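The values are calculated or read from the model by the stated rules, or taken from the named source; none is laboratory data. Only a predicted model underlies this, so the values are computations on that prediction, with no experimental measurement involved. Here the Cβ is made from the backbone with ideal geometry for all residues, glycine too, and neighbour counts use every protein chain on show. Ligands, DNA and RNA are stripped out before the accessible areas are found, and what is left, the full protein with its side chains, is counted by its heavy atoms. Shrake-Rupley method; radii C 1.70, N 1.55, O 1.52, S 1.80 Å.
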Amino acid sequence: MSAIYKSGKEPHAKEHRIIFKNVDREGWDPSLSMYETEGGYDQLKKAIKMEPSAITDEVKKAGLRGRGGAGFPAGVKWGFLPPNNEKPVYLICNADESEPGTFKDRYIIHQDPHQLVEGMVISCFAVGANLAYIYIREEFPEGAQILEKAIAEAHEKGYLGKDILGSGFDLEIYVHRGAGAYICGEETGLIESLEGKRPYPRIKPPYFPAAMGLYLCPTIVNNVETLCHVKHILEAGGEEWSKIGTPNNTGTRILCVSGDVQKPGYFEVEVGKVTMGELINDMCGGLKEGRSLKAVIPGGSSAKVLRADEVFTVGRGDDARELTIWDIPMDFDTLAACGSMAGSGGVIVIDDSRSISWVLNNINNFYAHESCGQCTPCREGSLWMKKITDRVVAGKASPSDIDTLDSVARNIDGRTICAFGEAASWPTESFVEKFRDELVADTNPELEDDLLNAEALTAAANLG
Amino acid sequence: MSEEKNDLIDVQINGEWHSFPKGTRMIEACRQVGVEVPHYCYHPKLTSPGNCRMCLVEMGMPPRPRPGDDPPEPDETGHLPISWIPRPAIACANTIAPNMGIRTESEMTEECREGVMELLLANHPLDCPICDQAGECSLQEFSVEHGKGESRFREQKVKKPKNVDVGPRIRLDDERCIMCSRCIRFTDEIADDPVLGFTDRGSHTVLTVYPGRELANNYSLNTVDICPVGALTSNDFRFQMRVWFMKETKTIDVNCATGANITVFARENKIYRITPRQNNDVNSDWMPDSHRLNFHWIESDARLTDPLVRDGDKHRLATWQEAIATTADKLAGLDGSEIAVIASARMTNEELLMTSRLVKHLGAGHVDVVPREGENDGYLIAADRNPNTNGVMLVLGLENPGSQLEAIKDGIAQGRIKALLCLQENLVEDAGFGSELLSKLDFFLTSYPLANPTADIADVVLPGACWAEKTGTMVNVTGRLQRLNKAVDGPGQTLEAWEIIRDLIQATGGGNGIYSATDIFKQLAAEVPEFADLSWGQIGDLGIPLIETGETIPLLEREKERIEKGLIVG
């Protein structure tokens, strides 16, 4: 078990590697034969002798929360499958890792694809799916090939296909490549895309995937990291696995740190056992020389920003305590209590060299570009917000534009078909709330009543 | 809604409790109690994607007590308190639930509407002065009711394709499109011709037609009707008339036996457009393009405007008096067996009753109508392209319409039939009567709206009103009695067929006191058993079932299936 890692890629002492155990290992390759040298598919062999419901029970006991962004308990999700279902059940692995700041699934896929395949076969057995898809983003062409190869290898060895290991259980996994759209990571958008349509997210109700998913059949959609954990839960037992991490925030998760730190990268840690301070200062080698922390976006670009000098009150009643940004344990519940979210684990560090207007404009650019355009608030609002922050960055905005910006975000938030509305509006809401002064400082009060675009000027000129 | 699902659920709307059948959509529950929820994408005949977000309302449910807490107590009306949900819900796709609360006038609901309105208008060109939809545009209407009245949008608007030719009858302005997807759903779900779709994304999304295809199916113009804005416009109607100037007449289509319910839009006696009018027992909300556009001939130069009588090898203008008197003269010396009458299954029941009187009065030995058989298109167009064949059978008493035509031809050829009265038909072009054959007649009268080769041969030519110029009733393919209402006056001296026949009867010695189509209807009600005890007013705008024919309308059957599956409201 004592893995040797490539020089310069050794895990930090505070890491707890389960999912990433084989990432950056010296002499490791993504082949099946390599995977089998360390107990590969042993858990599958164990699983097929279990009652499927017993596997779900273990996942529930483990308290595994989804690693894709929403943090919804995976076992509970599986439990939503209709009890007297007569339709086929599908399982979809969401490998459309697209949230800016997040880069964990690609390493699993590239370096340890069989871990995912084994996790998927076990999960399919648990939920009764005989057909599964890996929906992988267009930007991972190599990952798609690696997965294809892994699936072919697993097929040859009888870990996939008809009558898996003599259990009578059949399963096929297909790799489906996306076409380069963030919205395909939204599970119902993904399902539409898989069906060959535009990835317009579906309204919920009634289209909850567990009841009416792919081809309107019961469907489970889980993130890559989540499905990998199923294998390890089976290995350790749900009870034992749940002792990793902290209560209600069990297991390990991979944090991806980017931005203004000495050593950005991925770190698999026990959930809640590492604080923001430890992550930035110890694991990432601290901020850049001579810089101070301005803000952190803790869970992918859609998470609400945390300001470096904020004091967060978490817990209720007697348990209430105050935290600085450095003290925040990186778990689901605390980050939510701090007004943000653990999201997809993408931690974006922003130091004092950064212009907040520029950062927000960068994020707004992304969401305006990625809005699918199906529903009104997000379609029109995301581009409007981008255009306002474009002007803020260019010095062509007036102070009241910041109020408009905030109001547009609030007209999106909570009023859209899918969570993209929140993803697109939370950055603006939180940046305006926490950095209003800095944004306003980039505006020009003299422009307050000016007509600001050529169109309006032409119209005004024509009125004479 | 089917009878079995009749369990009632109590829902509070704006503070008042009402009961609705289980499965009712929130938006329909509101509508049923007179509360309008503004919407764009929702259409009861199409699936609900919930994309426009205009119908967001504040919604609440009974509180869910935590384990150990006391359950909520019902109030004196037996209802539980409502715990209002901080996130608004779309009223279009969500169904009601017991003890649900809906607020359409609350601060939250108003804020949502204002917000969505502002966003819809942000990139809209606001070119209402030159937009055909102005006056019947949901964007305009809801802006008045729910808009801010001013714009905070200081940016350049998104530019998109304009004046796009998406098909032979339709033009698209992508900048006006609010991406409600009604047209896409219509072509997919109703017309089975899914050629429309969106490309690009976000605010740059454009409605487009599939490369190499066009929106050309025979139901394409329905997309123009359901487009809530001026994105899709009809080539035939665009820029012809502002909608608020037109007079609307509720009537029925006469291009086939379905008798689609329509609205005729006219101004100063000129028809500008026809749109389908909702009737869930006849045509749902739709009609075929071929029928909708078949009205321009009404103001054709070939319309007959005055009675004509033969003068040597020509016709000359005559007064009605002269034309009728000439006819009476010619018929006077003939035995009934020498007279044939060919009426039309395009006539109203009232005209047919008058025809039957005329036939009796003259003792005419032969009577028939001209059948028009086509193919049922599998949607709304009936195989029978005559609108009132059922009326012919009921009122004129023909058991097998069209079966006597050959006998009449033979009779003329053999000289047994000496006079022929052709009412509202074109025998040469539509019924295979040769000009030579008709020339053998001693006397030939024809009435028709248009000049035609049949009229060339006739001794007396009478200008008949067309369907849009007359009032009456017809019985459609399913046996439904429906009203035809006069939308415009006929040109010149035209008369409705019943008037012509009344005058003929009078001139040939039979008196009657008929002064209006509704008077004739009273006689129908008195004389034809199927019409017994019916009154004109009873028929209403949507008609009433009169007889059982066993016929169904394919499109309606498919809609019923979709209603049954809960896919659409219907």
request  = Inspect all residues belonging to region B:99-109 and state whether any of them is open to solvent by 20 Å² or more (accessible area, probe 1.4 Å), within 24 Å of A:W384 (Cα to Cα) and outside any helix (DSSP H, G or I).
outcome  = no
Cβ pairs under 6 Å, 6+ apart, first in region B:443-462 and in contact (Cβ under 8 Å) with a residue 12 or more places away in the chain, second among the aromatic types (F, W, Y) and open to solvent by less than 30 Å² (accessible area, probe 1.4 Å) = B:A458/B:F444; B:D459/B:F443; B:D459/B:F444
ask   = Within the set of pairs 6 or more residues apart or between chains, which connect a residue that is over 20 Å from B:S447 (Cα atoms) inside region B:284-310 to a residue that is at pLDDT below 95 and not charged (D, E, K, R) with Cβ atoms less than 9 Å apart?
value = B:S284/B:G570
task = For residues that are hydroxyl-bearing (S, T, Y), open to solvent by 20 Å² or more (accessible area, probe 1.4 Å), farther than 19 Å from B:F186 by Cβ and touching a helix residue (DSSP H, G or I) at 6+ places or on another chain (Cβ under 9 Å), tally how many sit in region B:6-58.
result = 0
message = Can you find, within region B:199-213, the residue that is farthest from the other protein chains (Cβ to nearest Cβ) among those that are surrounded by 17 or more Cβ atoms within 10 Å (Cβ to Cβ) and within 29 Å of B:P554 (Cβ to Cβ)?
response = B:V209
key: Of residues in region A:174-198 being open to solvent by 30 Å² or more (accessible area, probe 1.4 Å) and in a loop (DSSP other than H, G, I, E, B), the one nearest to the other protein chains (Cβ to nearest Cβ)   = A:R198
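Quick grid of which residues meet (1) within 14 Å of another protein chain (Cβ to nearest Cβ); (2) within 23 Å of the chain's Cα centre (by Cα); (3) under 28 Å from A:F20 (Cβ atoms); (4) without any contact (Cβ under 8 Å) to a residue 12 or more places away in the chain:
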position	(1), (2), (3), (4)
A:I151	no, no, yes, no
A:K157	no, no, yes, no
A:D163	no, no, no, yes
A:G166	no, no, no, yes
A:D170	no, no, no, no
A:E239	no, no, yes, no
ask   = Scanning region B:133-151 for residues that are free of Cβ contacts under 8 Å to residues at least 60 places away in the same chain and surrounded by 15 or more Cβ atoms within 10 Å (Cβ to Cβ), which turns out farthest from the other protein chains (Cβ to nearest Cβ)?
value = B:Q140
request  = Give the residues of region A:404-417 that are more than 9 Å from chain B (Cβ to nearest Cβ) and open to solvent by 10 Å² or more (accessible area, probe 1.4 Å), sorted by residue number.
outcome  = A:D406, A:D413
request  = Pull up region B:324-340, narrow it to residues that are part of a helix (DSSP H, G or I) and among the charged types (D, E, K, R), then point me to the one that is farthest from B:G464 (Cα to Cα).
outcome  = B:E338
task = Answer yes or no as to whether B:D489 is charged (D, E, K, R), touching a residue at least 40 places away in the same chain (Cβ under 8 Å) and open to solvent by 40 Å² or more (accessible area, probe 1.4 Å).
result = yes
task = Go through the residues of region A:418-440 one by one and say whether even a single one is open to solvent by less than 60 Å² (accessible area, probe 1.4 Å), charged (D, E, K, R), closer than 28 Å to A:L190 by Cα and within 8 Å of chain B (Cβ to nearest Cβ).
result = no
inquiry  = Considering only residues that are facing another protein chain (nearest Cβ under 8 Å) and open to solvent by less than 10 Å² (accessible area, probe 1.4 Å), which ones fall in region A:384-403?
reply    = A:W384, A:I388, A:D401
ask   = Taking B:C422, is it at pLDDT 95 or above, open to solvent by less than 10 Å² (accessible area, probe 1.4 Å) and over 22 Å from the mean Cα position of the chain (by Cα)?
value = yes
note = Among residues of region B:517-545 being of a type outside the set (A, V, I, L, M), surrounded by fewer than 16 Cβ atoms within 10 Å (Cβ to Cβ) and in a loop (DSSP other than H, G, I, E, B), the residue nearest to the chain's Cα centre (by Cα) is B:D541
Residue that is most open to solvent (accessible area, probe 1.4 Å), among those in region B:59-72 that are under 21 Å from B:V11 (Cα atoms) and more than 14 Å from chain A (Cβ to nearest Cβ) = B:R64
task = Starting from region B:102-124, take each residue that is over 20 Å from B:R152 (Cβ atoms) and list its partners that are open to solvent by less than 20 Å² (accessible area, probe 1.4 Å) and assigned to a helix (DSSP H, G or I), counting only C-beta distances under 7 angstrom and pairs at least six apart or across chains.
result = B:I102/B:M26; B:I102/B:C30; B:R103/B:T109; B:T104/B:C30
message = Exactly one condition in (1) on the phi > 0 side of the Ramachandran plot; (2) touching a His at 6+ places or on another chain (Cβ under 8 Å) is false for B:G415; which is it?
response = (2)
request  = Go through the residues of region B:133-143 one by one and say whether even a single one is part of a loop (DSSP other than H, G, I, E, B), within 30 Å of B:S234 (Cβ to Cβ) and in contact with a Phe, Trp or Tyr (Cβ under 6 Å, 6 or more places away or on another chain).
outcome  = yes
task = State which residue is farthest from B:K360 (Cα to Cα) when the search covers only region B:382-433 and only residues that are aliphatic (A, V, I, L, M), without any contact (Cβ under 8 Å) to a residue 60 or more places away in the chain and in a helix (DSSP H, G or I).
result = B:V428
task = Could you tell me whether any residue of region A:87-97 is in a helix (DSSP H, G or I) and open to solvent by less than 30 Å² (accessible area, probe 1.4 Å)?
result = no
task = Identify all residues within region A:356-371 that are touching a strand residue (DSSP E or B) at 6+ places or on another chain (Cβ under 9 Å) and either free of Cβ contacts under 8 Å to residues at least 12 places away in the same chain or open to solvent by 10 Å² or more (accessible area, probe 1.4 Å) (or both); write none if there are none.
result = A:V359, A:I363
query = If you go through region B:125-132 one residue at a time, do you hit one that is within 27 Å of A:Y182 (Cβ to Cβ), open to solvent by 30 Å² or more (accessible area, probe 1.4 Å), under 29 Å from the mean Cα position of the chain (by Cα) and within 14 Å of chain A (Cβ to nearest Cβ)?
reply = no
task = Looking for whichever is more than 30 Å from B:A323 (Cα to Cα), crowded, with 20+ Cβ neighbours inside 10 Å and of a type in the set (D, E) here; the options are B:E559, B:E496, B:E564. Which one fits?
result = B:E559
query = What number of residues in region B:539-548 are farther than 15 Å from B:N485 by Cβ and of a type outside the set (V, I, T)?
reply = 3
inquiry  = Taking the condition of being β-branched (V, I, T) and touching a Gly at 6+ places or on another chain (Cβ under 9 Å), how many residues in region A:20-51 meet it?
reply    = 1
message = For region B:159-183, give me each residue that is buried (at least 21 other Cβ atoms within 10 Å of the Cβ) and facing chain A (nearest Cβ under 10 Å).
response = B:I178, B:M179, B:C180, B:S181
